[in-house]
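Notes for the one structure printed next.
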Amino acid sequence: MKAIISGGGTGGHIFPAIAIANAIKTKHSEADILFVGANGRMEMDKVPAAGYRIEGLTIAGIQRKLTLKNLVQNLILPFKILKSNQRAKQIIREFKPDVAIGVGGYASYPTLSMAASLGVPCLIQEQNSYPGIVNKQLKNKVQKICVAYEGMEKFFPKEKIVFTGNPIRQDISDLNSKRDEAIRYFNVDSTKKTLLVIGGSLGARTINESLFAMLDDLAKTDLQVIWQTGKSFDITSVDTKKYPNIHITQFITRMDLAYSLADFIVSRAGALSISELCVVGKPAILIPSPNVSEDHQTKNAMALVNQNAALFVADKDAKASLFSTISDLVNNREVQQNLSQNIFKLAKTDSAEQIADIIDIIKKQ
């Protein structure tokens, strides 16, 4: 079994890709898996850290902000695409995969396009309720399309769609046994309730600004906070001596331990985050990003809110109302229990294994 997995750009693409790779390796211990990503993007670090090889393409996307630098980047984009197509074809001819899997992101388009043109069976996995442009462009080139939301026939051929849910990190499925390790890892007080704040792998400006603005209020509570800011936030701007209850980091490597320790979670509403929060089963406050296509994070969030499985704070209201929403949740045990029970009912834990089964089927066709 030889498989190429392509895509990335954000954790929402990368971590499902790694979960799929792990599921393939579980089914086929001798499987040879090669990732193809975009040079300069986070997959070039995260995939090798997970133990897999990766090749990089020079591909990039259209820059929509009107600056001189972006104008130059857009002018040379056709040459990057041509070079990426050529390199993708070379990789496929040399590696000779039995199947190619795309998870969204810049690199997956040239990789799967070239694979399809060379007769390699292809599958794409769409994490969101509103598909990315790459997956929409690939829909006619692939054999199967694995989705996490109902109603995706609006975007993809119905006969190709398989509802699998989103693959999640394997290490978050059994969290109860990890609490003691988590307390040591984060060096926190085992007697205090913990608020986990995550804005995605690249960070979330509104969440960061809201937390920064409420530090004095949080200091007056008995909460301790684990705050993942992403790379865009200067963590040295927070005086941790003044706020000893705040544990701040740009990136949490051991998210399983963070989830294990959390009593309450504040998060964006990206597709992977939603899928993980369902498995984790903790009371959550969702602040969808407004800067996404078709406002799909709000749709993701409302799918939970409408089932009393999460609380909702609009991005534009976060600075004014997030602290009061957190306080109300912390002080209402009944709401906590209802949210936990309802969100856990929506958990889907075997998505990666289902996708691995589908990969076997299309490989044989």
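Residue count for the stretch 345-365 satisfying the condition of being within 20 Å of Leu196 (Cα to Cα) and either crowded, with 17+ Cβ neighbours inside 10 Å or at pLDDT 95 or above (or both): 0.
When Pro78, Pro121 are checked against the criterion of being open to solvent by 20 Å² or more (accessible area, probe 1.4 Å), modelled with pLDDT of 95 or more and of a type outside the set (Val, Ile, Thr), Pro121 stands alone in meeting it.
Scan the stretch 243-262 for residues that are over 23 Å from Lys220 (Cα atoms) and touching a Leu at 6+ places or on another chain (Cβ under 6 Å) and jot them down.
Matches in the stretch 243-262: Tyr259, Ser260.
So which of Thr240, Thr191 is surrounded by fewer than 21 Cβ atoms within 10 Å (Cβ to Cβ), touching a strand residue (DSSP E or B) at 6+ places or on another chain (Cβ under 8 Å) and of a type in the set (Ser, Thr, Tyr)?
The unique qualifying residue is Thr240.
Do the conditions hold for Val238, that is, is it out of contact with any Pro (no Cβ under 7 Å at 6 or more places or on another chain), modelled with pLDDT of 95 or more and of a type in the set (Val, Ile, Thr)? Judged against the criteria, Val238 is not a match. Taking strands (runs of 3 or more DSSP E) as the structural unit, those lying wholly within the stretch 1-71 and holding at least 1 residues that are polar (S, T, N, Q), open to solvent by less than 10 Å² (accessible area, probe 1.4 Å) and within 22 Å of Ala271 (Cα to Cα) correspond to 2-6. Given the criteria on the phi > 0 side of the Ramachandran plot and either under 24 Å from the mean Cα position of the chain (by Cα) or open to solvent by 60 Å² or more (accessible area, probe 1.4 Å) (or both), does Asn308 qualify? Yes; evaluated as a whole, the condition is true for this residue. When residues in the stretch 154-188 are screened for being under 25 Å from Ala269 (Cβ atoms), of a type in the set (Lys, Arg), touching a helix residue (DSSP H, G or I) at 6+ places or on another chain (Cβ under 9 Å) and loosely packed, with under 15 Cβ neighbours inside 10 Å, 0 of them pass. Taking the criterion of being in contact with a strand residue (DSSP E or B) (Cβ under 7 Å, 6 or more places away or on another chain), at pLDDT below 95 and closer than 20 Å to Asn128 by Cβ, the residues of the stretch 250-274 that qualify are Ala269, Ser273. The listed residues are Ile265, Ile183, Ile252, and the only one of them that is in contact (Cβ under 8 Å) with a residue 24 or more places away in the chain, out of contact with any Lys or Arg (no Cβ under 6 Å at 6 or more places or on another chain) and closer than 26 Å to Asn331 by Cα turns out to be Ile183.
At least 2 residues being without any contact (Cβ under 8 Å) to a residue 40 or more places away in the chain and small (Gly, Ala, Ser) is the threshold, and among the helices (runs of 4 or more DSSP H) wholly inside the stretch 294-365 those reaching it are 318-330. Among the residues of the stretch 140-177, write down those that are in contact with an Asp or Glu (Cβ under 6 Å, 6 or more places away or on another chain) and not β-branched (Val, Ile, Thr). If the condition is that a residue be in contact with an Asp or Glu (Cβ under 6 Å, 6 or more places away or on another chain) and not β-branched (Val, Ile, Thr), then Asp171 is the only one that fits.
The values are calculated or read from the model by the stated rules, or taken from the named source; none is laboratory data. Only a predicted model underlies this, so the values are computations on that prediction, with no experimental measurement involved. Note that we place each Cβ from the backbone using ideal geometry, even for glycine, and neighbour counts take in every protein chain shown. These accessible areas exclude ligands, DNA and RNA; they are computed on the full protein's heavy atoms, side chains included. Shrake-Rupley method; radii C 1.70, N 1.55, O 1.52, S 1.80 Å.
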